[in-house]
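S.K.: Take this structure, written in structure tokens, and hold onto it; I'll ask about it next.
The values are calculated or read from the model by the stated rules, or taken from the named source; none is laboratory data. Please read these numbers as outputs of a predicted model, since none were measured by experiment. Every residue, glycine among them, receives a Cβ derived from its backbone with ideal geometry; neighbour counts consider all protein chains shown. Each accessible area value is taken on the protein alone, full model and side chains, heavy atoms only, with ligands, DNA and RNA left out. Shrake-Rupley method; radii C 1.70, N 1.55, O 1.52, S 1.80 Å.
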Amino acid sequence: MQIFINDVSYRRNMINELKQKAQFDPLTNLNNRYGAELKLRFWLDNQIPFALLLVDLDKFKPINDIYGHNAGDEMLKHIAANLKECVRNDDLVARWGGDEFIVAVPHIAKDGLQKIASHLVAKTAMPMPYEKDNQSLELKVSASIGIACYPDHAETLHELIEKADNAMYSVKLATKNDFAFYHL
């Protein structure tokens, strides 16, 4: 009689590593678009009301162009850390792509949401210390944030993102460094 023992720990570790790579942005260690969509779809499927804040950085491109991609990467990590400080542990902060982030907050009243959005705007505008060529610099961006709420503004994730995007572009055209709610 032969007994076979199969150590599955290597396989389990590889699966966990692949899940990590599939759902998280390697630069910021935030959820990536795929990881964010999984959580948002879970909330939608379970009819959990939430606010979706689409955060687009203002004045990010000049940092990459003038100081290089390392500076841009450091700024994205700086912004990711600042965004996470503004929300609760169960809220979602994700890098949506490029210099766009998503913050999603379930079960929140409008006044609480306004406080979070104001805090996000303020934290995003905080300068980041940066050293280049033995020179101490402070690099700064701001954020334009569009807000849409499920189920008030949309029933699907695609529609919700589109509405938050519309609200965000209204901020970009008006003032930048601010937030706006989607209006029907």
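S.K.: For the range 113-153, which positions are touching a strand residue (DSSP E or B) at 6+ places or on another chain (Cβ under 7 Å), over 16 Å from Asp58 (Cβ atoms) and surrounded by 14 or more Cβ atoms within 10 Å (Cβ to Cβ)?
M.R.: Listed by number, the residues that qualify are Leu113, Ile116, Tyr130, Leu137, Ile147, Ala148, Cys149, Tyr150.
S.K.: If a residue must be closer than 22 Å to Pro151 by Cβ and either in contact with a Phe, Trp or Tyr (Cβ under 9 Å, 6 or more places away or on another chain) or part of a strand (DSSP E or B) (or both), how many such residues does the range 94-112 contain?
M.R.: Residues flagged as closer than 22 Å to Pro151 by Cβ and either in contact with a Phe, Trp or Tyr (Cβ under 9 Å, 6 or more places away or on another chain) or part of a strand (DSSP E or B) (or both) within the range 94-112 amount to 10.
S.K.: Residues in the range 77-97: is at least one under 24 Å from Gln135 (Cα atoms), over 11 Å from the mean Cα position of the chain (by Cα) and either small (Gly, Ala, Ser) or open to solvent by less than 10 Å² (accessible area, probe 1.4 Å) (or both)?
M.R.: The answer is no; no qualifying residue exists.
S.K.: Restricting the search to the range 113-142, which residues are assigned to a strand (DSSP E or B), touching a residue at least 60 places away in the same chain (Cβ under 8 Å) and more than 30 Å from Pro49 (Cβ to Cβ)?
M.R.: If the condition is that a residue be assigned to a strand (DSSP E or B), touching a residue at least 60 places away in the same chain (Cβ under 8 Å) and more than 30 Å from Pro49 (Cβ to Cβ), then Tyr130, Lys132, Leu137, Leu139 are the ones that fit.
S.K.: Return the pair list, or none, for Cβ contacts closer than 8 Å from residues in the range 168-184 that are at positive phi to residues that are part of a strand (DSSP E or B), at least 6 apart or on different chains.
M.R.: Sorted first by the residue in the range 168-184, then by its partner, the pairs are Lys176/Asp58; Lys176/Ser142; Lys176/Ser144; Asn177/Asp58; Asn177/Ser142; Asn177/Ala143; Asn177/Ser144.
S.K.: Right, here's the next one. Could you tell me whether the range 48-58 includes any residue that is touching a helix residue (DSSP H, G or I) at 6+ places or on another chain (Cβ under 9 Å), among the small types (Gly, Ala, Ser) and not in a strand (DSSP E or B)?
M.R.: Keep residues of the range 48-58 that are touching a helix residue (DSSP H, G or I) at 6+ places or on another chain (Cβ under 9 Å), which gives 48-58.
Among the residues that remain, those that are also among the small types (Gly, Ala, Ser) are: 51.
Now drop any that are not not in a strand (DSSP E or B), which leaves none.
For the range 48-58, residues touching a helix residue (DSSP H, G or I) at 6+ places or on another chain (Cβ under 9 Å), among the small types (Gly, Ala, Ser) and not in a strand (DSSP E or B): absent.
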